[in-house]
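Remarks on the structure that follows.
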Amino acid sequence: MRVYVKVMEVDEGGVLRRVVGMCDENLLGRTFREEDLVLEVNEEFFGGDLLELDEALYIAETSENVTAVGEVIVGKLVEAGLAHPQAVLRIAGVPYVILLQV
């Protein structure tokens, strides 16, 4: 299984931070709604390279800010110990998690 991974370098007061958007291959371009909540898996934030899971996990391990959407990538982040299961939220049944390293 492969996932889309987009890596962006953000300048925060002279300090470069790596911000990453990751999503399961089948979710790019989709929007999910549940009551007033909207989860938009857009090309601008998530549409990067299509990578194998092990490559995506390495990038997540070495990044300061990761937003991940989808059963496959979120499940692997939890399995690898990078995300706590209780940190995983769902909108319209689709899991997502935000990882921050400080």
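Assorted remarks:
- Looking only at the stretch 70-102, and only at residues there that are in contact with a helix residue (DSSP H, G or I) (Cβ under 8 Å, 6 or more places away or on another chain) and of a type outside the set (A, V, I, L, M, F, W, C), the one that is surrounded by the most Cβ atoms within 10 Å (Cβ to Cβ): Gly70
- Selection count, the stretch 32-50, where residues are closer than 14 Å to Val3 by Cβ, more than 12 Å from the chain's Cα centre (by Cα) and hydrophobic (A, V, I, L, M, F, W, C): 1
- Just so you know, in the stretch 59-89 the residues that are in a strand (DSSP E or B) and touching a residue at least 40 places away in the same chain (Cβ under 8 Å) include one that is farthest from Val38 (Cα to Cα), and it is Asn65.
- Test result for Asp49, surrounded by 13 or more Cβ atoms within 10 Å (Cβ to Cβ), out of contact with any Gly (no Cβ under 6 Å at 6 or more places or on another chain) and modelled with pLDDT of 95 or more: yes
- From the list Glu43, Glu55, Glu35, Glu79, the one residue that fits, being out of contact with any strand residue (DSSP E or B) (no Cβ under 6 Å at 6 or more places or on another chain), on the phi > 0 side of the Ramachandran plot and modelled with pLDDT of 95 or more, is Glu35.
The values are calculated or read from the model by the stated rules, or taken from the named source; none is laboratory data. What you see is a predicted model; the values in this text were computed from it and never measured. So basically every Cβ, Gly included, is an ideal-geometry build from the backbone, and we count neighbours across all protein chains shown.
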